[in-house]
Amino acid sequence: MEFQAAMRELKRQIFHPVYTLIGTEEYLKRQFLRAIRYQMNEQEETDLVRLDLNEVALDAVLDEAETFSFFTDRKLLIVENSLFVTPKNPNPIEDHEQKRLLDYLKAPNPSTTIVFCVPYDQLDKRKKIAKAFLTETELVDISQLKEQEVRQYVLNYLQNAPFKITRDGIEALLVRTDFHLTHTMTELEKIETFASNRQEPISKGEIQRLVPRSLEGDIFELTNAMLKRQVSQAVQIYRDLLLLGNEPIALHGLIVSQFRIIIQAKILSRQGEHEAQISKKLSAHPYRVKMALQIGAGMPLDQLLNYYNHLAEVDYQMKTGHGLRDNHFYILLTQLMYI
């Protein structure tokens, strides 16, 4: 079920015995949990219980689900890190736990509503338990939104907000938050405090002063400047990052990671993959993939690979203590100018 459809059901106080929130968009997760708790309490007093499968066994979750609450007629049970239905499962469940859960899904406790939170992109459909979740629970999609979806979400939010932002101010906000919904909405909450009792729209310049650039965004700009051989701009960005307290080795690691994304995205694009497929294969945010494709578009693959080899060599030198770590970036930048 799409997120907005699930929210509309909650508003009509239509509840399912078991929900599965699948995806990693933290803001959507918080919105859903806030809404279901509010709507259930509106209907009748509800007991809230939170359990984390990184801390307790599935048996403890099922014990709680099967137990009736002493003081209320209904219970909302939120189960964090329910990764046993995904390919990535750091805490495998026992066979008897799986059987017990399968039995519960067929006949859930009518006084308990369970929300399994699965911070992963998809279920592992090869698993028997995952197949049962597909048919016996209400799946709610909270995966990361695409660039245009984030923009539309923000525009809809601002229609009812007690403040306004200019069109170019909105774009500046989205760029500075890398089109990541959770980050964007967090910054909007801060902006609302700044804009209290204000009539005129917030300008682009004010957004740029209020919303700090993300480290990832700075690395994008730095990488782009390096590839375009804009030496003074690259040096300025790098020095700014050092002044913010970033370590040279950590910054170099991020640069290497960015070049790797650029190369991988370019190769996959050549193979006919579109942005969404590349994002999924690389486990990277769609906006990051879009920027990587744009940055790498004007440069031959063999030249990018040559750059990457130089980066890997410098990475080795820094980690093994060769030379002064503060000088490696400037030497590397000089070398790249002549490749």
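Restricting segment 255-267 to residues that are aliphatic (A, V, I, L, M) and buried (at least 19 other Cβ atoms within 10 Å of the Cβ) leaves a set whose member that is farthest from Leu222 (Cα to Cα) is Ala265. Could you tell me whether any residue of segment 130-138 is touching a residue at least 60 places away in the same chain (Cβ under 8 Å), within 24 Å of Arg8 (Cα to Cα), of a type in the set (D, E, K, R) and assigned to a helix (DSSP H, G or I)? Yes, there is a match, as at least one residue in segment 130-138 is touching a residue at least 60 places away in the same chain (Cβ under 8 Å), within 24 Å of Arg8 (Cα to Cα), of a type in the set (D, E, K, R) and assigned to a helix (DSSP H, G or I). Glu149 meets each of the listed conditions (1) in a loop (DSSP other than H, G, I, E, B); (2) under 23 Å from Ala292 (Cβ atoms) apart from (1).
If you go through segment 271-285 one residue at a time, how many are assigned to a helix (DSSP H, G or I) and either under 17 Å from Glu216 (Cβ atoms) or in contact (Cβ under 8 Å) with a residue 12 or more places away in the chain (or both)? Let's see the steps before the verdict.
Taking segment 271-285 first, the residues assigned to a helix (DSSP H, G or I) are 275-282.
Then keep just the ones that are either under 17 Å from Glu216 (Cβ atoms) or in contact (Cβ under 8 Å) with a residue 12 or more places away in the chain (or both); that gives 275-276, 278-282.
Counting residues in segment 271-285 that are assigned to a helix (DSSP H, G or I) and either under 17 Å from Glu216 (Cβ atoms) or in contact (Cβ under 8 Å) with a residue 12 or more places away in the chain (or both) gives 7.
From the list Tyr307, Tyr287, the lone residue that is assigned by the TED database to the domain that holds Asn246 and within 28 Å of His180 (Cα to Cα) is Tyr287.
Each row is one residue, and each column tells you yes or no for (1) touching a Gly at 6+ places or on another chain (Cβ under 8 Å); (2) of a type in the set (Asp, Glu); (3) surrounded by 18 or more Cβ atoms within 10 Å (Cβ to Cβ); (4) closer than 30 Å to His180 by Cα.
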position	(1), (2), (3), (4)
Asp59	no, yes, no, no
Val79	no, no, yes, yes
Lys106	no, no, no, no
Gln122	no, no, no, yes
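Inspect segment 159-167 for any residue being surrounded by 15 or more Cβ atoms within 10 Å (Cβ to Cβ) and of a type in the set (Gly, Ala, Ser) and give the result as yes or no. Explain how you work it out, then say what you get.
Looking only at segment 159-167, we keep the residues that are surrounded by 15 or more Cβ atoms within 10 Å (Cβ to Cβ), and these are 163-166.
Okay, now just the ones that are also of a type in the set (Gly, Ala, Ser), so none.
Among the residues of segment 159-167, not one is surrounded by 15 or more Cβ atoms within 10 Å (Cβ to Cβ) and of a type in the set (Gly, Ala, Ser), which makes the answer no.
Segment 177-261 holds helices (runs of 4 or more DSSP H) entirely within its bounds, and those carrying 3 or more residues that are modelled with pLDDT under 90 and aliphatic (A, V, I, L, M) map to 215-227. Do you know which of the residues in segment 81-92 that are more than 19 Å from the chain's Cα centre (by Cα) and surrounded by 18 or more Cβ atoms within 10 Å (Cβ to Cβ) is farthest from Thr135 (Cα to Cα)? Filtering segment 81-92 for residues that are more than 19 Å from the chain's Cα centre (by Cα) and surrounded by 18 or more Cβ atoms within 10 Å (Cβ to Cβ), the one farthest from Thr135 (Cα to Cα) comes out as Phe84.
The values are calculated or read from the model by the stated rules, or taken from the named source; none is laboratory data. Because the structure is a prediction, the values reported are computed rather than measured. All Cβ positions, even for glycine, are placed from backbone atoms using ideal geometry, and neighbour counts span all protein chains on display.
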